[in-house]
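Input: a single structure, listed below in structure tokens.
The values are calculated or read from the model by the stated rules, or taken from the named source; none is laboratory data. Treat the numbers as computed from the prediction; the structure is a model and nothing was measured. Neighbour counts are summed over all protein chains in view; Cβ atoms, including those assigned to glycine, are modelled from backbone coordinates with ideal geometry. What goes into the accessible areas is simple: the full protein's heavy atoms, side chains included, and nothing from ligands, DNA or RNA. Shrake-Rupley method; radii C 1.70, N 1.55, O 1.52, S 1.80 Å.
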Amino acid sequence: MELIYTTDRLEVQCTSIKAAKKLFGGDVALATSLLARINALEKAETIRDIIVQPTFHFHSLSKKKRDLEGFFAIDVKSRREQWRIILQPLDDNKEPFDPCNIDQISAYVKIVGIKEVSKHYE
């Protein structure tokens, strides 16, 4: 899949072990796991390849404090860790799907926007 990052800084955090360790306060295990998740996203043909893997815990977001409709998250490491990769499926024109019915589009989504890596539940 093609990954599109919202900022250059985010791209560096997701592709550099040094920057990832800094993001996670020196936690090497989280940094390594982040880079492995990004690698898995890049190697996947479609978003469906990620959805079907239980270890990623792919889930939709709809937090009322923030407008996250159409966004999804996967665990950086595990459910015990609070860190998530927030992503958005994009069409061939690199635009968000509207409406975003992931069950209907998952086999076709080959471009994903990476919005952030955060503890989005806080």
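Take Phe56 and decide whether it is touching a Lys or Arg at 6+ places or on another chain (Cβ under 9 Å), more than 15 Å from Lys115 (Cα to Cα) and among the aromatic types (Phe, Trp, Tyr).
Yes.
Which is over 27 Å from Gly25 (Cα atoms), polar (S, T, N, Q), within 17 Å of the chain's Cα centre (by Cα) and at pLDDT below 95, of Ser118, Ser106?
Ser106
Look at region 1-14 and say how many of its residues are within 13 Å of the chain's Cα centre (by Cα) and not in a strand (DSSP E or B). Step through it out loud before you land on a result.
Initial filter on region 1-14 (within 13 Å of the chain's Cα centre (by Cα)): 1-6, 10-11, 13-14.
Checking which are not in a strand (DSSP E or B) leaves us with 1, 6, 10-11, 13-14.
Residues in region 1-14 being within 13 Å of the chain's Cα centre (by Cα) and not in a strand (DSSP E or B): 6 in total.
Which residues, taken from region 31-55, are part of a helix (DSSP H, G or I) and either buried (at least 19 other Cβ atoms within 10 Å of the Cβ) or at positive phi (or both)?
Selection gives Ala31, Ser33, Leu34, Arg37, Ile38, Leu41, Ile50, Ile51.
Anything in region 1-37 that is touching a residue at least 60 places away in the same chain (Cβ under 8 Å) and hydrophobic (A, V, I, L, M, F, W, C)? List them, or say none.
Met1, Leu3, Ile4, Leu10, Cys14, Leu23, Leu34
What's the total number of residues in region 76-104 that are in contact with a His (Cβ under 7 Å, 6 or more places away or on another chain) and touching a residue at least 24 places away in the same chain (Cβ under 8 Å)? Please lay out each step first, then the result.
Initially, region 76-104 is screened for residues in contact with a His (Cβ under 7 Å, 6 or more places away or on another chain), giving 79, 84, 86.
Still in the running and touching a residue at least 24 places away in the same chain (Cβ under 8 Å): 84, 86.
Residues that pass the stated criteria total 2.
When the residues of region 65-86 are narrowed to those that are open to solvent by less than 40 Å² (accessible area, probe 1.4 Å) and out of contact with any Leu (no Cβ under 8 Å at 6 or more places or on another chain), which ends up farthest from Val109 (Cα to Cα)?
Ser78
Which numbered condition trips up Gly26, out of (1) more than 14 Å from the chain's Cα centre (by Cα); (2) in a helix (DSSP H, G or I)?
Going through (1) more than 14 Å from the chain's Cα centre (by Cα); (2) in a helix (DSSP H, G or I) one by one, Gly26 breaks only (2).
Any idea which of Lys94, Lys18, Lys119, Lys22 is open to solvent by 60 Å² or more (accessible area, probe 1.4 Å), of a type in the set (Lys, Arg) and either within 19 Å of Met1 (Cβ to Cβ) or touching a Pro at 6+ places or on another chain (Cβ under 7 Å) (or both)?
Lys94
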